[in-house]
Amino acid sequence: MAAVAAWRALRWQLLRTPGSGPARRLSTAEFPSPEEKPQFPGASADFADRLEFIQPNVISGIPIYRVMDRQGHIVSPDEDPQLPKELVLKLYKTMTLLNTMDRILYESQRQGRISFYMTNYGEEGPHVGSAAALDDTNLVFGQYREAGVLMYQGYPLDLFMAQCYGNTSDPGKGRQMPVHYGCRDRHFVTISSPLATQIPQAAHGPGYGLMSIQVDGNDVFAVYNATKEARRRAVAENQPFLIEAMTYRIGHHSTSDDSSAYRLVDEVNYWDKQDHPISRLRHYMLNQGWWDEEEEKGWRKSSRKMVMEAFEQAERKLKPNPQLLFSDVYREMPPHLRRQRAALERHLQHYGEHYPLEHFKQ
């Protein structure tokens with residue numbers, strides 16, 4: 001993975017750095033106009049302003065569907081989903097609230113308050129765009145960087161915090177890594193991290209015989225349109241559809257990673273400052289007269305306050321009782337788990353003073 005990312009970073013440098021020889025020829029051939037061409041590292045495709053799933057026998061490059069440009073202008077009026085102001089505001093507030101929560105929990109991990117964290121920086125658009133296009137009853141199998149789906153569905157901040165802190169309010173009872181959320185009531189299957197669960201991208205769709213599409217993941221309207229149409233056709237035609245939302249992970253892979261080792265700072269800054277799903281939707285709202293700087297400042301302040309209140313409550317709560325390590329797997333506890341539970345009890349009786357048991361519920 002690091003080698004692939006390093007190659008993409010090098011390729012990005014060649015594309016963006018003026019010079020002679022192959023570097024300049026590559027830039028001219030593939031990216032004649034940075035304002036009009038996709039800039040995703042490793043991608044060689046044009047934008048498409050019309051929603052169209054690719055037939056499985058298509059072997060040429062897959063275009064990247066978009067609805068609005070980087071300045072928030074609708075490119076093709078026929079593709080405008082015409083979402084009401086209230087829904088657009090919900091999309092925007094969900095993305096920015098997620099961004100605020102990320103910053104606070106990331107710093108929390110850096111201060112040693114939680115063990116691990118993964119930010120969603122730059123990937124907020126596919127989360128809320130797809131969530132908005134689904135019904136509340138749809139089943140969602142999320143991956144570990146899709147907290148925005150749950151947040152759009154109304155999952156409360158205190159449960160996000162409880163999961164990351166593994167306290168007594170955590171529905172998972174502290175037995176999952178941070179950011180591995182789940183919610184039965186919202187039909188969101190608990191996140192897991194086995195190897196190779198997110199590899200079937202749109203380029204692989206034809207190989208599997210799937211109708212496929214690449215979407216500009218920084219365009220929340222494009223994600224919304226594609227997801228809504230894919231779901232409609234999947235139900236009507238009884239066949240699967242594959243959507244690859246092209247976006248850019250601005251943050252490190254996790255708090256265990258330093259991405260500066262394999263990608264350029266200028267590359268990250270481009271996506272953070274010039275082509276971000278949050279800024280693109282904010283441009284659209286400003287163009288519509290639905291948002292202004294005062295509202296932005298007010299929302300940022302109030303959303304941070306909400307996150308900090310949930311954060312402080314989570315820190316004050318106890319950890320779950322250690323006995324819960326052995327429950328909820330089987331209807332009746334099997335002998336080997338009873339033996340392990342007894343072994344833990346004996347261990348804590350002898351060495352309990354070496355553990356912070358006062359932080360756990362008894």
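The values are calculated or read from the model by the stated rules, or taken from the named source; none is laboratory data. If you're wondering where the values come from, they're calculated on a predicted model, not measured in any experiment. Don't worry about glycine lacking a Cβ; one is built from the backbone with ideal geometry, like all the others, and counts go over all protein chains shown.
Quick rundown of the values:
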read-out: Counted residues, segment 86-139 - those being farther than 22 Å from His283 by Cβ and among the aromatic types (Phe, Trp, Tyr); value: 3
read-out: Residue within segment 337-357 that is closer than 30 Å to Leu105 by Cβ, under 36 Å from the mean Cα position of the chain (by Cα) and exposed (fewer than 10 other Cβ atoms within 10 Å of the Cβ) present; value: yes
read-out: Among (1) exposed (fewer than 14 other Cβ atoms within 10 Å of the Cβ); (2) under 25 Å from Glu315 (Cα atoms); (3) of a type in the set (A, V, I, L, M, F, W, C) - the single one Phe141 does not satisfy; value: (2)
read-out: Search result, residues across segment 150-191 that are aliphatic (A, V, I, L, M) and in contact with a Gly (Cβ under 7 Å, 6 or more places away or on another chain); value: Val189, Ile191
read-out: Residues satisfying the stated conditions in segment 205-248, i.e. surrounded by 18 or more Cβ atoms within 10 Å (Cβ to Cβ), of a type in the set (Phe, Trp, Tyr) and either touching a strand residue (DSSP E or B) at 6+ places or on another chain (Cβ under 6 Å) or in a helix (DSSP H, G or I) (or both); value: Phe221, Tyr224, Phe241
read-out: Sole residue being modelled with pLDDT under 50 and either among the hydroxyl-bearing types (Ser, Thr, Tyr) or touching a Lys or Arg at 6+ places or on another chain (Cβ under 9 Å) (or both), chosen from Ala45, Ala23, Ala5, Ala29; value: Ala5
read-out: Criterion (surrounded by fewer than 16 Cβ atoms within 10 Å (Cβ to Cβ) and at positive phi) met by exactly one of Gly298, Gly289; value: Gly289
read-out: Segment 318-332, subset in contact with a helix residue (DSSP H, G or I) (Cβ under 7 Å, 6 or more places away or on another chain) and modelled with pLDDT of 95 or more, residue nearest to Gln176 (Cα to Cα); value: Lys319
read-out: Out of Ser279, Ser254, Ser303, sole residue that is modelled with pLDDT under 95 and of a type in the set (Gly, Ala, Ser); value: Ser254
read-out: Test: Leu134 is surrounded by fewer than 23 Cβ atoms within 10 Å (Cβ to Cβ) and in contact with a helix residue (DSSP H, G or I) (Cβ under 8 Å, 6 or more places away or on another chain); value: yes
read-out: Any hit, segment 97-116, residues being within 22 Å of the chain's Cα centre (by Cα), at pLDDT 95 or above, surrounded by 23 or more Cβ atoms within 10 Å (Cβ to Cβ) and aromatic (Phe, Trp, Tyr); value: no
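Here's the yes/no breakdown for (1) in contact (Cβ under 8 Å) with a residue 40 or more places away in the chain; (2) over 19 Å from the mean Cα position of the chain (by Cα); (3) under 17 Å from Thr119 (Cβ atoms):
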| site | (1), (2), (3) |
| --- | --- |
| Arg280 | yes, no, no |
| Gly289 | no, yes, no |
| Glu296 | no, yes, no |
| Leu325 | yes, yes, no |
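Residues are listed down the side, and each one gets a yes or a no for (1) part of a loop (DSSP other than H, G, I, E, B); (2) within 15 Å of the chain's Cα centre (by Cα); (3) in the same structural domain as Asn225 (by TED's automatic domain parsing):
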| site | (1), (2), (3) |
| --- | --- |
| Gln71 | yes, no, yes |
| Leu83 | yes, no, yes |
| Tyr121 | yes, yes, yes |
| Pro126 | no, yes, yes |
